[in-house]
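J.: Right, I'll just put the structure down here and ask away after.
Derivation of every value follows stated rules applied to the coordinates shown; laboratory data play no part. Nothing here was measured: the structure is a model prediction, and the numbers come from that model. Please note: Cβ atoms are built from the backbone with ideal geometry, for glycine as well, and neighbour counts cover all protein chains shown.
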Amino acid sequence: MLNDTLPKYFDPRKYAFNRQAFEGYVPLNRFEELSAILASDEGNVFIHLDFRVDEDRRYIATGSLTAQVQVVCQRCMEAVAHDLALDLSLGFVYDEDHAKNLPGDYDPVVMTDGEVILADMVEQEIILALPIVAYHEESGCNPTAVKYASSTDDAPDDEKPNPFSILAQLKAK
């Protein structure tokens, strides 16, 4: 079911017992920590989750998360679009000790008082999926920005002043 407004908090146990699903959009500007990393907080994240209880009586959700985010190109320092498409396999646990017992197939999500804050969960998944370093294609970067970013001094190596020349003068005195 496509929800115009996804819940702010949800209890994964209730969704899992009833084998429910939800999907909908969350605006990127709702994520404070993520917005500080991105070049722009415009756009939406689409999330789809199917909840169930597995054979070992764990509360799990599988689904997907898609978004197009604007990250900073490390060549020209301008915005570059990056498409995210994540497959989610989440295991909901009560604390960190239970998370250690979760199989490696599931990413642990700790419930606080039996509830999960949807925005926090989605934000952390997106941050983990962002590229460490982002670039435009070579032809997409602004060449003047690249020139100034990659070169701090246009003088040839043989014409650079010696940084120790002052010490040589002091030694001569």
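J.: I'd like the Karplus ³J(HN,Hα) series for the range 77-91: coefficients 6.51, -1.76, 1.60, θ = phi - 60°, whole numbers in Hz, and an x wherever there's a Gly or Pro.
T.: 3J(HN,Hα) across the range 77-91, in whole Hz: 6, 9, 6, 9, 6, 9, 8, 10, 9, 10, 8, 9, 9, 10, x.
J.: Full extension from residue 79 to residue 165: what is 0.36 nm times the residue separation minus their Cα-Cα distance, to one decimal in nm?
T.: Fully extending the segment from residue 79 to residue 165 adds 26.7 nm.
J.: Starting from 0.36 nm per residue, how many nanometres of slack lie between residue 55 and residue 95 once their C-alpha separation is accounted for?
T.: Details: separation 40, 0.36 × 40 = 14.40 nm, distance 2.03 nm.
12.4 nm is the gain from fully extending residue 55 to residue 95.
J.: Given R₀ = 22 Å, what would the calculated FRET efficiency be for residue 33 paired with residue 137, taking r from the Cβ atoms and rounding to 0.05? Intermediate values should be presented prior to the final figure.
T.: Working: r = 28 Å, r/R0 = 1.29.
Rounded to the nearest 0.05, the efficiency is 0.20.
J.: On to the next question. Name the chymotrypsin sites (Phe, Trp or Tyr not before Pro) in the range 85-128 that are in a loop by DSSP and that have at most 10 other C-beta atoms within 10 Å, would you?
T.: Passing both the DSSP loop test and the Cβ count: no residue.
J.: Which residue, 18, 44, 162, has the most motion in a Gaussian network model of the chain that connects Cα atoms within less than 10 Å?
T.: Evaluated over the chain, the most mobile residue of the options is 162.
J.: Hey, another quick one. Can you count the Lys pairs in the chain whose Cα atoms are under 29 Å apart, with each pair 8 or more apart or on different chains? Walk me through the numbers before you get to the answer.
T.: Details: 8/100; 14/100; 147/160; 160/171; 160/173.
Lysine pairs satisfying the spacing and distance rule in the chain number 5.
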